[in-house]
1. Can you name the number of the only condition in (1) within 12 Å of B:ALA104 (Cα to Cα); (2) touching a residue at least 40 places away in the same chain (Cβ under 8 Å) that B:SER165 fails?
2. When the stretch A:27-44 is examined, which residues are found to be touching a Ser or Thr at 6+ places or on another chain (Cβ under 7 Å) and either surrounded by fewer than 23 Cβ atoms within 10 Å (Cβ to Cβ) or under 19 Å from A:TYR278 (Cβ atoms) (or both)?
3. Go through (1) surrounded by 18 or more Cβ atoms within 10 Å (Cβ to Cβ); (2) free of Cβ contacts under 8 Å to residues at least 60 places away in the same chain; (3) in a helix (DSSP H, G or I) for A:CYS296 and report which single condition fails.
4. Which residues, taken from the stretch B:162-171, are touching a Gly at 6+ places or on another chain (Cβ under 8 Å) and either of a type in the set (Phe, Trp, Tyr) or assigned to a loop (DSSP other than H, G, I, E, B) (or both)?
5. Any idea which of A:ILE338, A:ILE301 is at pLDDT 90 or above, of a type in the set (Val, Ile, Thr) and buried (at least 21 other Cβ atoms within 10 Å of the Cβ)?
6. So which strands (runs of 3 or more DSSP E) are wholly in the stretch A:160-271 and hold at least 1 residues that are of a type outside the set (D, E, K, R), without any contact (Cβ under 8 Å) to a residue 40 or more places away in the chain and surrounded by fewer than 18 Cβ atoms within 10 Å (Cβ to Cβ)?
7. Among residues belonging to the stretch B:158-188 that are in contact with an Asp or Glu (Cβ under 9 Å, 6 or more places away or on another chain) and aliphatic (A, V, I, L, M), point out the one that is nearest to the other protein chains (Cβ to nearest Cβ).
8. Acidic (Asp, Glu) and either at the interface with another protein chain (Cβ under 7 Å from one of its Cβ atoms) or free of Cβ contacts under 8 Å to residues at least 24 places away in the same chain (or both), is that true of B:GLU105?
Amino acid sequence: MSLALTLASRNLFQDRLRFIATLIGIVFSVVLVMVQMGLYLGFGHMVTTMIDHAAADLWVVSKGATSFEDLTLLDIKTRDRLPGINGVNKVIPVVIGFADWRRQTDSRVKPVFVVGTDLDAGALVPWNLVDGSLDALRATNAVAVDRTYFNDLGVSGIGSTAEIRSQRARVAAVTDGIRSFTTTPYVFAELSRARAYIGLPPTKFNHFIIRLRPGASLSNVQHDIQSNVPDVDVLTPAQFRDRSRSFWLFGTGAGAALFAGALLGVIVGTVIVAQTLYSSTKDHIYEFATLRAIGCSNRYIYRVIIWQALLNAVIGFALATAIGFVVVQLTAKSALPIVITPGLVAGLFALTVVMCIGSAVTAIIRVVRIDPVMVMSR
Amino acid sequence: MIIPVIEARNVSKVLGTGAGQVRALKNIDLSISGGKLTMLMGPSGSGKTTLLSILGCMLAPTEGSVFICGHATQGAGPERLAEIRRQHIGFVFQSFHLFPTLTAEENVQLALDVRGEQRRRAKAKSREVLERVGLAQKTAAFPRDLSGGEQQRVAIARAIVAEPSAILADEPTAALDSTNGQAIMTILARAGRQHGRAVLVVTHDTRLLEFADRILYIEDGVLTHEERPTANVYRIRA
C-alpha cells in the first residue's frame, strides 16, 4: 500500500466531524439517486406486468397502441384473418377496460381495471394464486382480485360479493402481488364476463395474443401478420414492453421527473463532497506544499486527493447501499415498490466514484497553485 | 573538472511589484561543493531565505542562472524543478514541517515513496536512517509525541534518506534549545562530511559557526565576504 493512501486516509479520518458531514452528503445523494432509479425500475416493471406474465409469442395490438392499457379496439374481422397465416397456432383474444366496482358493504364505488381472460387458452390468466383456483373463475360472476386491494374493494376473500357495472361479481380466486401502478385495482374475469363488465360487444377486442406452431419462425410470422393485416401492430413481448415503458415513463413525464430527482441527488452529492474535499485540502495546504518542496510530483499529490475522494466514495456508498436495501424491504409491498438490481448497484457505485473524483477537481486546482516556497516562510 | 553541487551565476531577485518592489538579491555568484558544511549568515531581511529558496529550486531568479549538479534550472517548469529537488536536494525547515498524521518512520519513508521506492526497502532504509540520527526507539511515534529536537532529527532523516547531493537547511536550530541545536548541527555536519554532500545551513546563530567549513555573509541581498575556518570544532569532534 502506498503512503499516498495512508496519508489520504489519515487526513480523512483526522477531522471526524468533517468526515461525517461528507459521508452524510454522499449517503443522502446516493440514497436519493438509488430511490429515484429504483422507482424508475419498479415503475418500469409494473407497467409491463401483464405483458411479462402473458404466455405470448406475439402481440397483435391496434395501430400505434401505446401500452397494454391502451383501450383502442380491434374488430372481429382482424381476428378472423389471423388463424390462416402460416405459423400461427392460436389466436387468444384479450379484452380490457375500466368499470365501476360497487362495494357491497357500503355501496361505495371504486374504479377497477377489468382483464378478460381466456381460461381455455390460458395465455393471460391471474398468477400467484393464494386462494381459490383458475377453474373457479369459470363459475357465473366469478372474478379474481388481489388481496392487497381487499380494503379498497370492500371484500374479505373468497365468496365476497360486489357489483361491477351493476352486475353481480363474486370473488372466486385471490392473488398476491398483482398490483397496478395506478390506484385502480386489476380484476380478472372470464372473457365473456369481462365483456359484460366493461360493456364490450362480442365483435370487439383490445389485443390478440398469438401462439406459434412448433418450429415456426417468430420473425417470419411477425412479418407475415404485419403484411396480411396492415392496420395493426405486431409486436414481440420485448417490443411491447419497450413501447409500454416508453409511453408510461417518458410519454407521461414520470420518467423525466424520476431522472430529474436523480440528477438533483448527483448535484447535491458532488457539491457537498467538493466542498469538504476543498476545505480539507486547504487545511492541509502546508502539508501539500511540503510534499511539493521535497520534490513530490503533482501526480503523487493528485493521488493523495483522489484516494481521499475514493475512500469517501466507498464508505459513503456502502452506507447508502445498506439504507437502500432497507428501503427496498419497506416498499416491497407498497403500490410502487423500489427495485434495486445488481446492475443498478454497480452503476450507482460507478456514479458515486465518478461523483467523488469529479468533486476532487476543485481541490486539485487549489493544490496545483501551491507554491512550495510557502514552507520557507512558516 | 569537478562540477559543483550548487552553483549560482549572477543571480538577482526582485520581490513584489510597483512601489513595493524590493531587490532582494543582487548579482550573487556562488559555488558550493560536496563534503562541506557551508553556513549562510546575515541579519533578518538580508536575503538568506530568498537565496536558499532559489538554490533549492523553489523560487526562480529574476536574473542569472542556477545549476544543481550541472543541471540548469533556468526555464524549467514546476514539474522539472520538483524533479531536480527530488533527485538532488534534501530540505530541513525551521518548523520541521512533518506530517502530523504520519509516524516518524512514515514521515521519513514519505521522501522515498514520492521517489517511487519500493515499500519494503523504503521502510528498511527509513529505520536505518532514524537509527543514525538517534531515534531508533521512536520510529512509531507521531510528531506530537516527539520533542522539538526529535522532530528536527526526523526532518533531517527525511532529508537524507534519499541520499541527495545537497542538503539545504533553513534555520534548523531556531526552534531548539542550545543542546538540541548543537546535536542537530552535529548530525548535519556529519551528513555532509561523511557522505560527500553539500550542506548549506542558513542561520543567524553565531554559536553554530564552529560547525562550518565555510561561512558566507550576506547583507542587503549582496554576498559581502566569506570565511573558511581552518580547524573547526566539528573536525575535532569527528
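The values are calculated or read from the model by the stated rules, or taken from the named source; none is laboratory data. Predicted model, so just to flag it, every value in this text is computed and none were measured. Cβ coordinates were reconstructed from backbone atoms using ideal geometry, including for glycine residues, and neighbour counts include every protein chain displayed.
1. So the condition that B:SER165 fails would be (1).
2. Going through the stretch A:27-44, the residues touching a Ser or Thr at 6+ places or on another chain (Cβ under 7 Å) turn out to be A:30, A:41.
Scanning the stretch A:27-44 gives a single hit, A:LEU41.
3. (3)
4. Step one: list which residues in the stretch B:162-171 are touching a Gly at 6+ places or on another chain (Cβ under 8 Å), which gives B:162, B:164-168.
Residues satisfying the conditions are B:ALA162, B:PRO164, B:SER165.
5. Working: A:ILE338 fails: at pLDDT 90 or above.
Step by step, each of A:ILE338, A:ILE301 is checked, and only A:ILE301 is at pLDDT 90 or above, of a type in the set (Val, Ile, Thr) and buried (at least 21 other Cβ atoms within 10 Å of the Cβ).
6. Values: elements: A:161-164, A:167-175, A:186-190, A:207-212, A:232-235.
Where strands (runs of 3 or more DSSP E) fall fully within the stretch A:160-271 and carry at least 1 residues being of a type outside the set (D, E, K, R), without any contact (Cβ under 8 Å) to a residue 40 or more places away in the chain and surrounded by fewer than 18 Cβ atoms within 10 Å (Cβ to Cβ), they are A:167-175.
7. Step by step, filter the stretch B:158-188, then rank; the result is B:ALA162.
8. Numbers: acidic (Asp, Glu): yes; either at the interface with another protein chain (Cβ under 7 Å from one of its Cβ atoms) or free of Cβ contacts under 8 Å to residues at least 24 places away in the same chain (or both): no.
No; evaluated as a whole, the condition is false for this residue.
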